[in-house]
Structure formats: structure tokens, C-alpha cells
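Taken together, the values in this text are just the output of simple stated rules run on the coordinates, not laboratory data. All figures in this text were calculated on a predicted structure; none of them were measured in a lab. All Cβ positions, glycine included, derive from the backbone under ideal geometry; neighbour counts span all protein chains shown.
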């Protein structure tokens with residue numbers, strides 16, 4: 001057994017109170033299963049028998065955050081956070097970033113995000129900053145596609161009733177139809193519109209969705 005495994009086993013056999021930073025983040029799922037959902041640490045399910053081990057994990061991640069800031073590894077700082085909290089981590093260090101880093105890291109967060117709609121007001125503000133570096137949101141291949149777009153672009157958005165208008169569209173109607181029906185088969189709709197190229201923030205195929213991001 002390695003030293004790391006021995007330390008882990010010892011921690012799992014040690015009784016401890018949960019770190020005070022973590023206690024507010026203990027909650028339960030609808031089924032009543034307790035979970036810990038802190039910006040730096042998720043444990044699903046959560047058991048207080050693991051407190052010593054969880055505390056150690058948390059303390060290590062705090063040290064890593066400090067080191068990443070000192071070393072100016074801002075992307076590592078952001079992605080050390082759990083997915084749902086990465087946008088807030090980005091905002092917390094936004095003033096430390098160059099314009100190029102701002103758009104590159106924002107693109108990484110966007111691609112990895114599962115809750116863009118819930119954060120639409122935040123993205124709306126962010127998309128107005130450092131506009132001279134906006135092309136850094138796109139890969140070189142994506143820039144070529146963006147440059148080839150006509151001045152008026154037909155785009156599609158698959159949606160349910162509540163989210164017809166948003167940032168994210170596609171040039172691929174079949175892909176929009178898939179999004180429209182992925183949760184409620186047959187009940188979704190496809191919103192079709194034509195927008196001027198000047199309204200487009202970026203084109204990205206990072207998720208194989210031929211995605212057009214527009215300002216709203």
C-alpha cells in the first residue's frame with residue numbers, strides 16, 4: 001500500500017468535525033440523501049464519517065488556489081472549482097486577466113457549462129467587455145468559418161416555451177431540432193431568424209454544434 005493510500009485510510013478512520021467553511025454547503029437531494037456541494041468540493045453522497053478526509057482535501061485545494069494565483073495560472077485557478085462555480089471564479093479574478101485571457105477562459109467556461117441560461121444576465125455583461133479581443137473566443141478553424149459567414153446569417157434555436165430567446169443558436173437546423181426535442185420529444189420548437197453578422201459574438205464548433213453566439 002502506498003503512503004498516499006495509507007494516509008487516506010488513516011483519515012477515513014479519524015473522527016472530526018467538518019471544516020466550518022464547508023458546513024453551510026451540506027444539503028440533501030430530493031430523496032433525502034445528504035450531499036456536500038461547495039465551490040471547491042462536491043461529495044455525493046456525503047457522510048460525516050469522511051470529515052477528516054474531506055477537510056484534508058479542502059485544505060489542499062485552498063493551498064492550490066493560492067499557488068495558482070501566485071504563479072499566474074489563472075485558468076488552473078478557475079478550473080479547480082466545481083463546474084457550476086467556474087463562472088463565479090472567473091469573475092472573482094477578472095481584473096487580473098488580460099483581454100486575451102478574458103475571452104480565452106470565457107470560451108472554455110462556456111464550452112464546459114451546463115447552466116448558461118441561468119447565468120444569462122452575467123454573460124450579457126461579460127460579452128460587452130474587451131471587445132477588441134473577442135476573436136480569442138474562437139479557434140483558428142472557427143475564425144475561418146466566422147469570416148466566411150455572409151452579412152446576413154440564418155440561424156436556428158431549438159427551445160421549449162420558456163427559453164425561446166437566448167445567446168446560443170446554430171446554423172444547422174437539424175441540430176436545432178435535436179435540442180428542441182431532447183427533453184420533451186415532439187413538444188419542442190425551432191425558432192428561425194436572420195441576424196446581421198455584426199450581432200454575432202462568435203462562431204464555435206467546440207461542441208460539434210455549429211454554434212452561433214449572439215448578443216441579446
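Numbers for the structure displayed
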| read-out | value |
| --- | --- |
| Range of Cα positions in the chain per principal axis (Å), largest first | 64, 44, 33 |
| Ranking of 136, 61 by count of other Cβ atoms within 10 Å, fewest first | 61, 136 |
| Virtual spin-label span in nm between residue 182 and residue 16, 7 Å along Cα→Cβ | 3.9 |
| Selected from 54, 200, 33 as most flexible by GNM, with the chain as the system and alpha-carbon contacts under 10 Å | 33 |
| Computed over the chain: relative contact order in percent, which uses C-alpha pairs under 8 Å that are six or more apart | 13 |
| Rounded if a/c under 1.5, otherwise prolate or oblate - segment 3-131, Cα gyration tensor axes | oblate |
| For segment 135-216: rounded, prolate or oblate by the Cα gyration tensor [a/c cutoff 1.5] | prolate |
| Sum of -39500 (n - 2.57) over DSSP H runs of 4+, divided by residues of the chain (222 nm, nearest 500) | -11500 deg cm²/dmol |
| Net length gained if the chain between residue 143 and residue 206 were fully extended (0.36 nm per residue, minus Cα distance) | 21.5 nm |
| Segments 140-148, 107-115 sorted - mean Cβ within 10 Å per residue, highest first | 107-115, 140-148 |
| Exposure proxy order (Cβ contacts within 10 Å, fewest to most) of 138, 50, 9 | 9, 50, 138 |
| Helix 3-12 vs. the chain, principal-axis angle (Cα, 0 to 90°, nearest 10) | 80 |
| Per-residue Cβ neighbour rank within 10 angstrom, fewest leading, 91, 214, 116 | 91, 116, 214 |
